[in-house]
Structure formats: C-alpha cells, structure tokens
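The numbers here are math on the coordinates, done by the rules we state, and not lab data. Everything quoted here is computed from the prediction, not taken from an experiment. Every residue, glycine as well, gets a Cβ built from its backbone with ideal geometry; the counts of neighbours run over all protein chains shown.
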Amino acid sequence: MGIFGALWGLTGVLLLLGSAVHRLTPLAISAFSYDFSWYHWLSLFLIVLFMAYAEGYRGFQKAFSPRVAARALYLKNNPRFLHALFAPFFCMGFFHATKRRKITSFSVTSAIILLIISVRFLAQPWRGIIDAGVVVGLAWGLISLMIFIVQAFGSKEFSYSPEVPEGDGK
C-alpha cells in the first residue's frame, strides 16, 4: 500500500502540473500572433525572468518539489489507507501535515485560483505573456520535482522534512 500511495501521489501531482503546462502553452504561443511593441517584449522578458525565479526556483525547487518528494517517501514508509487513497492531496500537504504547512498549502492554492481567474479576463497578448511566464515556472517545477523524486527514492538519505504532525516523522 505504501508503494501504491507514493506512486499515486507523485503521479497525481505530476499530472496536475503537466496538465497546466499542456493547457497554457497554446495560449502563450498564440500571443506571438499579435504585433508586439517594445513594451510587450520587455514585459515578456521581465515576466518570464520573474516567474522562472519566483515560481520555478523559489516556489518549486526550494520548497514545493522537495516537500512533495519527502511526503511521498514518508507515505511509502508509513502507509495508511486514507493517505494512500488521497495521496496527491497528501503529497501537497493538504492533510496530515503541520498546522503551518496546511495553512500555507490552502493559502497558496487559493491565491493561485484567484490569479487564474483574474488572468482569464486579460486580452491577448497580455494573457499570453503572463501564461508564458507561468509555463516557464511550471516546467521548471516539473523538472525539479522529477529530480527530487529520483533523489528521494534513489538514495539512502533524503534530508527534507515531510512536515507531518510532531512525533510522526522526521
């Protein structure tokens, strides 16, 4: 059950991120069918750079990806039926996590949903410019998550905390 839970959790998170990249990439590409002025190009450059750093590096590589891998490894080693059944949500820290982790997970998810709704109201090429930055950040996140998965399951020691309730893990 532990291996099933870990695989299901990681597959669910990877599919969620991959689906977002798949859906947003055509919208980002379609922005280039418009005539860009200098300020569009500057905005594209700055947004892609910002999203690569803020979302890709800081959000995914430094926080989300190692934690998801650590929680999947924890699930493999400490299987529970409901944790395995809802493994993608477990791996993202929505339950059986520290209070701080749950608050952060729900807050970040709510903020992302609000941003998604807001960006949908933008006209092209602005929507595509923002989506290009998001695609770069999400792609970075997918790659970093895959690297952390290999590290977590391929080495004897993985030093990242799964952030489970006190007395129930690292």
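When you filter the chymotrypsin sites (Phe, Trp or Tyr not before Pro) in region 103-170 for DSSP loop state and at most 15 other Cβ atoms inside 10 Å of their Cβ, you are left with Phe121. Stretching Leu115 away from Phe45 to a fully extended chain increases their span by 23.2 nm, per 0.36 nm per residue minus the current alpha-carbon distance. Dipole magnitude for region 103-170: about 280 debye, using +1 per Lys or Arg Cβ and -1 per Asp or Glu Cβ, origin at the Cα centre. Evaluated at 20 °C with a viscosity of 1.002 mPa s, what Stokes-Einstein diffusion coefficient in µm²/s does the chain have when Rh comes from the Kirkwood expression over alpha-carbon pairs? The diffusion coefficient I find is 127 µm²/s. Gaussian network model of the chain, Cα springs within a sub-10 Å range: biggest mean-square fluctuation belongs to which of Val21, Val134, Val150? Its mean-square fluctuation being the largest, the pick is Val150. With R₀ fixed at 22 Å, the C-beta to C-beta distance from Thr25 to Thr104 puts the FRET efficiency at about 0.20. The trypsin sites (Lys or Arg not before Pro) of region 97-155 meeting both criteria, a DSSP state outside H, G, I, E and B (loop) and at most 10 other C-beta atoms within 10 angstrom of the site's C-beta, are Arg120. Remark: spin-label model distance Glu157-Ala123 equals 5.9 nm, labels positioned 7 Å along the Cα→Cβ axis. Ellipticity at 222 nm from helices only: DSSP H runs of n ≥ 4 in the chain, each -39500 (n - 2.57), divided by the residue count, give -23000 deg cm²/dmol. Remark: the Tyr57-Ile3 segment gains 16.6 nm on full extension, using 0.36 nm per residue and subtracting the alpha carbon distance. Here the peptides 77-88, 38-49 are ranked by packing, the mean other Cβ count within 10 Å, and the order with the highest first is 77-88, 38-49.
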